[in-house]
Amino acid sequence: MTRAVPVTPGPARPAVFVGASHYRRPSYGRNHPLAIPRVSLAFDVIMAYDALTAGELLPARAATTAELVQFHTRDYVNALRRAEAFGRVRAEDRERHALGTLENPYFPGVFHTPALATGGSLVAADAVLAGHHAFSPAGGMHHAVPDAARGFCYFNDVVLAILRLRAAGRRVLCLDIDAHHGDGTEQAFWDDDQVMTVSLHMDTSYAYPFKGGCLPDVGGPRALGTVLNVPLPREVHDAEYRAVFAALWEPAVTWFRPDVIVLQTGTDALFGDPLGRFRLSTGAFLEVVACVLRVGVPVLATGGGGYHPLLLARAWAGVWGLLSGRSLAVELPEAASQALRAVGWDEDEDEPYYEDLFRRRLEYGDERPVRPVIQDLMAALADHVALRRRLWAS
Ligand SMILES: [Zn+2]
C-alpha cells in the first residue's frame, strides 16, 4: 500500500536555491561516507525536471572569518585554515579540535568547502529575511560545536543561519529530521527562549552521537520548553513516524508561533540509507516538508546527512519542488534516470527496489501497525506536551 507523494504546491512565496559549482569537485577524500555526489546530483535531478529557473538560483559564497566566529572560536577557524594551507592537521589541532580523525578527516579544501556551505546557508538566511523560502542543500552540518568538528560537520551553518535570523529579531523554530540528533544546534540555543529546537532521531542508545537527545530535555533556565527531542527506535516506518510527528508538530507551532522555520533535511532517515536505521519512504519524508510549509512562514531548508546518493538526490529534488510550489512527476525524467545511473552506485543491487531507484520516486510506505514501543513513546510525548503547555502558560 503506497500513499501519494505530496504534490500540493507551497504557498505563493518565491523560493531560492543556493548552489555552487564547487560541489561538483570531489571532496572529503575516498572512503568517507560523504565522498559521494550529493548536492550536484540533487541539482542534476532538479534540472532534469526543468524545475529551476536562473532567477531562482543564488550563488553560494564562502562565509567570512567574522561570520564564522559568531559561533566558532577563532582558534578553531584558524586550525582549519592551517590544515588547508599546509595539507595536513597538526597533532595539537587533532587533539584539541577533533580534526584529521576518522570521524572528521582532513581533505583538500577542509576549510573552504565547509566555509562555502556555511556562506550558502547565510545567503539563504538573507533570502528568508526578504520573505522567500530558501534551500541551502550543502548546509545542515548540525553536529559541529564552537571549538571542534563533530560527526562529519566542521562549521555549524545551521547555528550561524539561525543567529542571523535571531539578530534580525525573528523567532526561529528549527526542525531537524536528519536521522541523527541535532545536538550542536540544540546546545547552541539551549537557553535561548527565541529559538525552539525540535529533533526526531535515532535513539542515542544505539546511534551517533551516543548521548543526549532524550525526550525529557526541556532547555536551559531561560528557555523552558524550547527543546523537544523525540528519540526513536530502529525500524521506524511511515505510519509510526507520521503518528509521532502529528503529535508534536501542531502543539510546537501553536505555542511557539515562529516567524521563520529552519528545516534540516538530512535524508539518512530514508529506508535504504547505509547509516540510518529507519524505514521511512521518500513520500512520508516529503509529507513532513509539506506540513512545515503549511505553517505559512518563510522556510529555510538545509541539507544534512544522507549517505545513499540516489535516495538523497530524489528526496532533495522533492524538497525543492515543495518549496518552490512545483508538482514533480513521480516518474523520473529520462535525464534524471541517466544522472542517477551514472553514479555507479551498486550497493543495493540485491534489494528489491534497486531498479525502481532509477525510474520513479520511492514509496515503500509499508502500512504496518504502530508498534507498542511507539505507543509508549507517544504516551510519554503527550506527557511532555502537557508539561510544555504548563510551562508556556506560566
Ligand atoms: Zn545524520
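Just so you know, all these numbers are worked out from the coordinates, no wet-lab data involved. These figures come from a predicted structure and were not determined experimentally. Heads up, the Cβs are rebuilt from the backbone with ideal geometry, glycines too, and the neighbour counts pull from every protein chain shown.
With θ set to phi - 60°, apply the Karplus curve 6.51 cos²θ - 1.76 cosθ + 1.60 along segment 209-218 and write out the HN-Hα couplings as whole Hz, x wherever there is a Gly or Pro.
3J(HN,Hα) across segment 209-218, in whole Hz: x, 6, 7, x, x, 8, 5, x, 4, 10.
Which stretch or stretches of segment 250-265 have amide N atoms under 20 Å from the point lying 7 Å from residue 382's Cα along the Cα→Cβ direction?
Answer for segment 250-265: 250-255.
Antiparallel versus total DSSP beta bridges in the chain: what percent is that, nearest 5? All intermediate terms of the calculation are to be shown ahead of the outcome.
Numbers: 3 of 34 bridges.
Once the DSSP bridges in the chain are tallied, antiparallel ones form about 10 percent.
Within a Cβ distance under 13 Å of residue 260, other residues only, what is the Lys/Arg minus Asp/Glu net charge?
Here the count lands on +4.
Would you mind computing, in nm to one decimal, how far apart the modelled labels at residue 375 and residue 215 are, each placed 7 Å from Cα along Cα→Cβ?
If labels sit at residue 375 and residue 215, their model points lie 1.4 nm apart.
Which value, in nm² and rounded to one decimal, describes the direction-averaged projected area of the C-alpha convex hull of segment 74-220?
That works out to 9.0 nm², a quarter of the Cα hull's surface.
7 Å from Cα along Cα→Cβ at both residue 250 and residue 90: what's the point-to-point distance in nm?
It works out to 5.7 nm between the two label points.
Determine the dipole magnitude for the chain: charges of +1 sit on the beta-carbon of Lys and Arg, -1 on that of Asp and Glu, nothing else is charged, the reference point is the Cα centre, and the result goes in debye to the nearest 20. Please list the in-between numbers first.
On the way: 38 positive and 45 negative charges, 210 e Å.
In debye, rounded to 20, the chain gives about 1000.
Hey, what D do you get for segment 257-389 in µm²/s if you plug the Kirkwood alpha-carbon radius into Stokes-Einstein at 10 °C and 1.306 mPa s?
96 µm²/s
To the nearest whole percent, what portion of all C-alpha pairs in segment 166-229 is separated by more than 14 angstrom?
When every Cα pair of segment 166-229 is considered, 52 percent fall beyond 14 Å.
If I histogram all Cα-Cα distances within segment 158-315 using bins 10 Å wide from 0, what percent of pairs lands in each bin?
Taking every Cα pair in segment 158-315, the percentages come to 11, 44, 36, 9, 0.
Just from its helices, what would the mean residue ellipticity at 222 nm be for the chain, if runs of 4 or more DSSP H residues each count -39500 (n - 2.57) and the sum is divided by every residue, rounded to the nearest 500 deg cm²/dmol?
After summing the helix terms and dividing by residue count, I get -11500 deg cm²/dmol.
Please report the net charge: other residues with Cβ closer than 13 Å to the Cβ of residue 170, K and R +1, D and E -1.
After counting each charged neighbour, the total is +1.
Quick check: net charge around residue 293, other residues with Cβ under 13 Å of its Cβ, Lys/Arg +1 and Asp/Glu -1?
Values: positive: 13, 294, 326; negative: 287.
The answer is +2.
Starting from the amide H of residue 230, placed 1.01 Å from N in the peptide plane, find each other amide H under 5 Å away whose residue is 5 or more places distant or on another chain.
199, 200, 201
What list of whole percents do you get for P(r) of the chain, with Cα-Cα distances grouped in 10 Å bins up to the one holding the largest distance?
So the P(r) values, bin by bin, are 5, 25, 35, 26, 8, 0.
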